[in-house]
Amino acid sequence: MKVLRFILFPFAILYDLVTRIRNLFFDTGIFSHTLFKTPVIVVGNLSVGGTGKTPQIEYLIRFLNTTYKVAVLSRGYKRKTTGFVLVNENHLAAEVGDEPLQYFKKFKNINVAVDADRVAGISKLVANNTPDVILLDDAFQHRKVKGSFYILVTNFNDLFVDDFLLPTGNLRESRQGAKRADVILITKCPENLTKEDQNSIIQKLLKFNKKVFFTRISYAAAILGTTEIPTSELKNFEVLLVTGIAKPAPLTAYLDSLNVPFKHLKYADHHHFSDKEISALEKAFDAMQAPKIMLTTEKDYVRLANRIKKLSYLPIETTFLNSEEPVFNERIARHLK
């Protein structure tokens with residue numbers, strides 16, 4: 001795979017040229033964008049998949065929805081519907097996407113919509129739902145919308161500054177795109193990340209002249225779903241771990257740290273499970289010794305819960321290192337004021 005990516009290097013140079021010209025046309029006004037009166041906070045990345053956008057959107061919802069009327073707009077990746085859809089309790093993940101459905105199920109007092117045309121989607125939300133603030137999910141490269149605030153997330157183990165453009169690397173556009181961000185969040189950091197290591201990363205990002213925050217994944221104290229037990233008790237069960245996310249390594253490392261015996265069945269990001277695959281999962285689970293749990297991620301759970309009888313999931317949240325949560329919150333609050 002690495003050899004193939006190296007061979008495709010000329011295509012990465014061409015891709016870089018095309019994306020730079022596109023960004024230049026937006027920056028100089030040759031291509032137009034739409035700026036809305038309603039604040040639009042964009043959460044996105046430069047890399048393909050697995051950077052931690054979903055926990056960050058949820059963090060913002062928790063912070064904002066006690067004060068503001070919040071709406072979330074996503075394209076609804078891999079959904080089978082088209083156009084604008086306002087998510088409701090009858091929708092399945094296949095119709096609106098797993099992440100939007102997850103937002104809707106967790107936060108009952110917000111509006112969640114999907115639309116590949118972000119300008120049209122925001123316009124409909126503003127006209128029909130009158131939100132105070134819109135969170136635009138995974139839209140850093142969607143330049144037709146001019147966001148009011150940009151949050152760029154990048155994985156600690158896969159920093160955009162150490163990457164290269166597709167197809168040789170995983171970048172959707174040049175690293176210079178980071179200059180559009182108002183803040184940069186380093187996600188999935190080790191809990192004990194030293195100040196020395198943090199300063200080393202900050203030095204790498206100095207050319208982008210942005211405020212950098214360091215965050216990590218916090219796993220819930222209890223798993224939810226069919227079997228609800230303290231997470232610390234997972235080590236007493238045989239676990240069948242099923243994942244359909246881009247980078248499950250942090251989760252498997254966490255289970256290893258708890259001495260959990262598990263068998264991992266790994267699928268592609270946003271995988272749509274066939275009936276045959278569901279049957280195979282259930283057979284694999286039935287063959288395991290009791291006590292046992294079929295465990296998945298929260299994002300996978302919204303796709304699988306209505307198809308597998310016995311399924312549990314482990315929720316996650318974003319946590320800031322260095323006690324900088326109030327600093328980040330103040331920056332967002334100041335923007336909205």
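The values are calculated or read from the model by the stated rules, or taken from the named source; none is laboratory data. Computed from a predicted model, the values in this text were never measured in an experiment. Quick reminder, even Gly has a Cβ in these numbers, built from the backbone with ideal geometry, and neighbours come from all protein chains shown. These accessible areas exclude ligands, DNA and RNA; they are computed on the full protein's heavy atoms, side chains included. Shrake-Rupley method; radii C 1.70, N 1.55, O 1.52, S 1.80 Å.
If R0 is 45 Å, the Cβ-Cβ spacing of Y267 and T28 corresponds to a FRET efficiency of close to 0.60.
Counting charges near Y15 (Lys, Arg +1; Asp, Glu -1) among other residues having Cβ under 11 Å from its Cβ returns a value of +1. Within the stretch 120-211, the GluC sites (Glu not before Pro) that combine a DSSP coil assignment with at most 16 other C-beta atoms in a 10 angstrom radius are E191.
Pairs of Lys residues in the stretch 1-97 that lie 8 or more places apart, or on two chains, and have C-alpha atoms under 24 angstrom apart add up to 4.
The overall shape of the stretch 186-305 is prolate: from the C-alpha gyration tensor, with semi-axes ordered a ≥ b ≥ c, the ratio a/c is 1.5 or greater and a/b exceeds b/c. Dipole size of the stretch 11-140 about its Cα centre, with +1 on Lys/Arg Cβ and -1 on Asp/Glu Cβ: approximately 140 debye, rounded to the nearest 20. Determine the shape class of the stretch 121-244: with a ≥ b ≥ c the square roots of the Cα gyration tensor eigenvalues, call it rounded for a/c under 1.5, and otherwise prolate if a/b is greater than b/c, oblate otherwise. Here the stretch 121-244 falls in the oblate category.
Of H270, H33, which has the most accessible area with a 1.4 Å probe, and how do the rest follow in descending order?
H33, H270
Per-residue ellipticity at 222 nm from helix content only, as computed over the chain with -39500 (n - 2.57) for each DSSP H run of at least four residues, stands at -10000 deg cm²/dmol. The share of accessible area on the stretch 48-149 that comes from carbon and sulfur is 50 percent, using a 1.4 angstrom probe. For the chain, the longest principal axis of the Cα atoms and the long axis of helix 9-28 meet at an angle of about 50 degrees.
Checking the Cα-Cα distances for K179/K299; K146/K247; K106/K309; K144/K299; K106/K263 against a 25 Å cut-off, the pairs over it are K179/K299; K146/K247; K144/K299; K106/K263.
Atom-type composition of the exposed protein surface of the stretch 182-278 places 49 percent of the accessible area on carbon and sulfur (1.4 angstrom probe). Taking all protein chains as shown and a probe of 1.4 angstrom, V161 keeps an accessible surface of around 20 Å².
The distance linking the stretch 32-106 with the stretch 212-290 is 24 Å (Cα centroid to Cα centroid, whole angstrom).
Placing +1 on the Cβ of every Lys and Arg and -1 on the Cβ of every Asp and Glu, with no other charges, gives the chain a dipole of roughly 840 debye about its Cα centre.
If Lys and Arg each add +1 and Asp and Glu each add -1, what is the summed charge of the other residues whose beta carbon sits under 13 Å from the beta carbon of V161? Here the charged neighbours net out to +2. Ranking A127, P190, V153 by how far each Cα lies toward the positive end of the dipole of the stretch 98-199 (charges on Cβ) leaves A127 at the top. For Rg and Dmax of the Cα atoms in Å, the candidate list reads [x] 20.4, 64; [y] 22.1, 69; [z] 19.8, 60; the entry that matches the value derived from this model is [x].
Using alpha carbons only, how many degrees (0 to 90, rounded to 10) separate the axis of helix 53-64 from the longest principal axis of the chain? Taking the Cα atoms of the chain, the angle to 53-64 is about 80 degrees.
Of the trypsin sites (Lys or Arg not before Pro) in the stretch 77-113, the ones in a loop by DSSP (not H, G, I, E or B) with at most 13 other beta carbons within 10 Å are K80, K108.
Loop-located GluC sites (Glu not before Pro) in the stretch 38-136 (DSSP state other than H, G, I, E, B) with a sparse environment of at most 13 neighbouring Cβ atoms within 10 Å: E89. Projecting the Cα atoms of G52, T38, N23 onto the dipole axis of the stretch 1-85, where Lys and Arg carry +1 and Asp and Glu carry -1 at the beta carbon, places G52 farthest toward the positive end.
For the chain, the relative contact order works out to 20 percent when only alpha carbon pairs closer than 8 Å and six or more residues apart are counted.
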